[in-house]
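Have a look at the structure below, then the notes.
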Amino acid sequence: MNIFKTLKPLTRSVITTLMCSLPLLGVSSVHASAAITTLKSAPLKVTLSPSDPTWQLAINNKLLGPTEVLIEPTERGFARQVQPLLQAGNYSEVAALFKGRDISQDSTALNLLRAQVLLSTKDFNNAELAYLACLKASPDLVKAHQGLSLLYMQQAKYDKAQIHLVHSIELGQADAQSYAQLAYIHVQHSQPWSAVAAYRQALMLAPETSQYQQGLLFALIESGDLSQANALLKELLNKSPDKAELWLQRAQIALQLDQKKQALAAIEVALKLNPKDASNQLLAAQLHLTEGSTERAVSLLKQGLKHATKQQQVEVINTTMQTLGWLVSQQKWDLAKDLIGSAKRLTKQLPRDEQAQFSVYSAQIAMQQGNTKRALKSLNNALKINPNLGDALLSLASIYRSKGQLTQAKLMYVRAQALPDYQLSAWLGLSQIAIDSKDYPSALKHLRKALQANPQRQDLITNIRALENIVRQEG
């Protein structure tokens, strides 16, 4: 009787201490911890791309006048037929008329027109054949090289485009557009310094062309010359404060300087100008999380989930999963529930393991709401997908232990202890069940395992000593 009176407060003390050590419903899970690490360490970068270029193609509308190459006298009747169509811009009708002519029988001048017309109608294969026929007859025909460079650029064949572009510049076609095209190719080849030089050359010839200015800005940012980029950006923003792309470039510069608050302010302006840009909604959400604006982050993620294109959906849902892990780890249950409701329709696009983790998050929220039935269903669904999902095993064990179903709880902990990342939580859980069952030697065994594997957990020593006292007194 004396022993019982002595043991009772000690047992209660051990239970209380151990309860503080156990993970709260799987919240301190490995997956959530990984999500926190990812959110903190992942480099943030604005989704930028060089401005979509608009290149001009000059089509010869004066076949009957003096040009670089001349049509044959026998072709004058055809020239008179197509002249009004060319001047009216009816290039598809001209292309249809060319179908009735043999390319090998036409002059270089007519084949050049054929190539230009077919390029304008995006018949790239036949336009290429016509340009190559021109160069076969006249290897230094500038307009053919220039046209081929445009054709290959539209097909993203930048190596081929560069060959013809450089040749046309060497032949004297050193105009602003040619240098700008060359700069754009350097950007595509990840050669920002060469792009900077070429854009500056283009701007010397056409200083007010905004497309070239924005191209130079992009190249300066990519090259890391942020002081020059900042100076140019201020000038461009003064001229065009309503261009979302410029605000995104300001954000990128701020991020490279590790000025997250300034980056966030710039991205928010860009989002006001273009509120349905899912990529930048994601970036803004991540920045808001790092700056502590959790509600705004969740709001932006919900918008991203709504506006994402098919190409963006994977990125959006991955960021959402990381954020859910963080929200769960911080026990921000209302926000987590809100985000899960918006993300549910896209979860089928997740890998199966991630689908299982999504079910765990749903279960943890249900547990906080006291909805054990729904939590059990979600956790069992998760384990059907991935029987070794530690978060699900620990959460199920917590439910069973709270319901007094210690055998089922013990089974879940035993399964979890086979997973290296979850061993500590499993051993603590098994210790608690042993205490609940007054099996103190077993509790002591599990705690010793936990301490041996995690010697930094000095708090376990107090529990071990208390249990050792109990076991000695019982013995």
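The values are calculated or read from the model by the stated rules, or taken from the named source; none is laboratory data. Not measured: the values here are computed from a predicted model. Methodologically, a virtual Cβ is constructed for each residue, glycine included, from the backbone with ideal geometry; neighbour enumeration extends over all protein chains shown. SASA here: full protein model, heavy atoms, side chains in, ligands and nucleic acids out. Shrake-Rupley method; radii C 1.70, N 1.55, O 1.52, S 1.80 Å.
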Of the listed residues (Lys302, Lys306), the one being over 24 Å from Gln369 (Cβ atoms) and open to solvent by 50 Å² or more (accessible area, probe 1.4 Å) is Lys306
So, in the range 113-122, exactly how many residues are of a type outside the set (Ser, Thr, Tyr) and surrounded by fewer than 19 Cβ atoms within 10 Å (Cβ to Cβ)?
1
Return the total of residues in the range 412-436 being of a type outside the set (Asp, Glu) and over 40 Å from the mean Cα position of the chain (by Cα).
6
If we ask which residues in the range 348-377 are open to solvent by 20 Å² or more (accessible area, probe 1.4 Å), among the hydroxyl-bearing types (Ser, Thr, Tyr) and under 24 Å from Glu315 (Cα atoms), their number turns out to be 2
Among all residue pairs at least 6 apart or on different chains, which show Cβ distances below 6 Å where the first residue, located in the range 73-88, is open to solvent by 90 Å² or more (accessible area, probe 1.4 Å) and the second is modelled with pLDDT under 85 and part of a helix (DSSP H, G or I)?
none
Contacts under 7 angstrom Cβ, first residue in the range 148-173 being in contact (Cβ under 8 Å) with a residue 60 or more places away in the chain, partner part of a helix (DSSP H, G or I) and hydrophobic (A, V, I, L, M, F, W, C), 6 or more apart:
Leu150/Leu119; Met153/Ala161
Restricting attention to the range 149-165, which residues are open to solvent by less than 50 Å² (accessible area, probe 1.4 Å) and either charged (D, E, K, R) or farther than 14 Å from Asp123 by Cβ (or both)?
Ser149, Tyr152, Met153, Tyr158, Ala161, Gln162, His164, Leu165
Residue list for the range 205-230, filter: free of Cβ contacts under 8 Å to residues at least 12 places away in the same chain and acidic (Asp, Glu):
Glu208
Test: Leu182 is under 18 Å from Gly215 (Cα atoms), buried (at least 19 other Cβ atoms within 10 Å of the Cβ) and touching a Leu at 6+ places or on another chain (Cβ under 6 Å):
yes
Condition (residue is open to solvent by 20 Å² or more (accessible area, probe 1.4 Å), over 21 Å from Ala336 (Cβ atoms) and aromatic (Phe, Trp, Tyr)) applied to the range 391-409: is it met by at least one residue?
yes
I'm trying to understand the selection: among the residues of the range 129-148, which are open to solvent by less than 10 Å² (accessible area, probe 1.4 Å) and either among the hydrophobic types (A, V, I, L, M, F, W, C) or in a loop (DSSP other than H, G, I, E, B) (or both)?
Ala130, Cys134, Leu141, Ala144, Leu148
Specify the residue that is surrounded by the fewest Cβ atoms within 10 Å (Cβ to Cβ); the eligible residues are those in the range 262-287 that are of a type in the set (S, T, N, Q) and closer than 10 Å to Leu248 by Cβ.
Asn274
